[in-house]
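Trainee: Dropping the structure in here first, questions after.
The values are calculated or read from the model by the stated rules, or taken from the named source; none is laboratory data. Treat the numbers as computed from the prediction; the structure is a model and nothing was measured. Cβ sites come from the backbone with ideal geometry, for glycine too, and all protein chains shown count toward neighbours. We work out accessible area using only protein heavy atoms, side chains counted, and drop any ligands, DNA or RNA first. Shrake-Rupley method; radii C 1.70, N 1.55, O 1.52, S 1.80 Å.
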Amino acid sequence: MSAARSKPAPIKAARIKHWLMKSEPDTFSIDDLQARGSEPWDGVRNYQARNFMRDGMRVGDGVFFYHSNCAEPGIVGLAEVASEAYPDPSQFDPKSDYFDPGASRVNPRWVLVDVAFVRKLKRTITLKELQALPSLAEMALVRKGNRLSVMPVTAAEWKTILDLE
DNA sequence: GCCAACGTTGGC
DNA sequence: GCCAACGTTGGC
């Protein structure tokens with residue numbers, strides 16, 4: 001009986017364990033997150049971003065906290081995913097800016113995760129310097145016109161960026 | 001299912 | 001404040 005030929009191990013893409021989440025500092029800054037310790041990341045109303053939270057994120061994943069729509073856009077701190085995804089309560093609240101009349105408690109449309117403060121960076125790693133790095137050219141963040149507020153970060157990108165600090 | 005109109009994001 | 005890029009909506 002001939003020995004079964006051993007099959008090559010299937011190439012499995014490593015699960016993304018790092019993310020980048022944008023926030024406008026005028027609305028909710030890294031200092032706000034530090035003061036609160038953790039925060040339900042409500043108000044995401046983009047399907048792709050929702051799917052990253054719902055399907056991709058696991059408790060303990062690393063998060064770059066990014067300040068957008070401000071004088072110096074860039075990564076300002078580290079956070080981590082602190083809960084599994086669960087329905088975003090603001091979608092049910094008619095008084096909320098994030099109210100969605102198409103969502104119901106039986107059929108929620110939007111989810112969130114809790115995000116916990118880890119630490120502030122020693123300095124802001126600016127969008128400008130990230131854009132200048134050839135090794136980050138594939139990152140969604142630096143692609144023209146990107147508007148995703150929640151996006152995956154590869155392990156290599158995570159390390160490259162942290163090494164800039 | 002197409003696509004124009006519209007609203008939003010976010011860098012500058 | 002401007003405006004390019006993008007996602008969503010709705011008429012057809």
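Trainee: Residue by residue through the stretch A:54-60, which ³J(HN,Hα) values in whole Hz follow from phi under the Karplus form 6.51 cos²θ - 1.76 cosθ + 1.60 (θ = phi - 60°), with glycine and proline marked x?
Mentor: Once θ is set to phi - 60°, the couplings for the stretch A:54-60 become 6, 9, x, 7, 10, 4, x Hz.
Trainee: Test of understanding: in a Gaussian network model of chain A with alpha carbons linked when under 10 Å, which of A:Ala85, A:Ala49, A:Ala155 would top the mean-square fluctuation ranking?
Mentor: Result for chain A, Cα springs under 10 Å: A:Ala155 fluctuates most.
Trainee: For chain A, what is the mean residue ellipticity at 222 nm derived from helices alone (per DSSP H run of n ≥ 4: -39500 (n - 2.57); sum divided by total residues; nearest 500 deg cm²/dmol)? Walk me through the numbers on the way to the answer.
Mentor: Values: 4 runs with 28 residues, N = 165.
Calculated at 222 nm, the ellipticity per residue is -4000 deg cm²/dmol.
Trainee: So, one more: In what sequence, highest mean first, do A:107-115, A:35-43 appear when ranked by Cβ atoms within 10 angstrom? The partial results should precede the final answer.
Mentor: Numbers: A:107-115: 19.7, A:35-43: 16.1.
The packing order, highest mean first, is A:107-115, A:35-43.
Trainee: For chain A, what % of the accessible area comes from carbon and sulfur atoms, probe 1.4 Å?
Mentor: Working: 5120 of 9900 Å².
Of all accessible area on chain A, carbon and sulfur atoms account for 52 percent.
Trainee: Here's a follow-up. Normalized C-alpha radius of gyration of chain A, against 2.2 N^0.38 Å?
Mentor: That ratio works out to 1.20.
Trainee: Let me ask something else. Rounded to whole Hz and in sequence order, give me ³J(HN,Hα) for the stretch A:71-86 from the Karplus expression 6.51 cos²θ - 1.76 cosθ + 1.60, θ = phi - 60°, writing x for Gly and Pro.
Mentor: Each residue of the stretch A:71-86 in turn: 4, 10, x, x, 7, 10, x, 10, 9, 9, 5, 10, 7, 5, 5, 8 Hz.
Trainee: For A:Lys12, which lysines qualify as cross-link partners when the Cα separation must be under 23 Å and same-chain residues fewer than eight apart are set aside?
Mentor: A:Lys159
Trainee: Still on this structure: List the pairs from A:Lys95/A:Lys120; A:Lys120/A:Lys144; A:Lys22/A:Lys144 whose alpha-carbon separation is above 23 Å, in the order I gave them. Could the numbers behind the result be given before it?
Mentor: Numbers: A:Lys95/A:Lys120 33 Å; A:Lys120/A:Lys144 27 Å; A:Lys22/A:Lys144 16 Å.
Going by Cα-Cα distance, A:Lys95/A:Lys120; A:Lys120/A:Lys144 fall outside the 23 Å limit.
Trainee: Hey, another quick one. Solvent-accessible area per residue for the stretch A:18-164 at a 1.4 Å probe radius, Å²? All intermediate terms of the calculation are to be shown ahead of the outcome.
Mentor: Working: 7750 Å² over 147 residues.
For the stretch A:18-164, the solvent-accessible area averages 53 Å² per residue.
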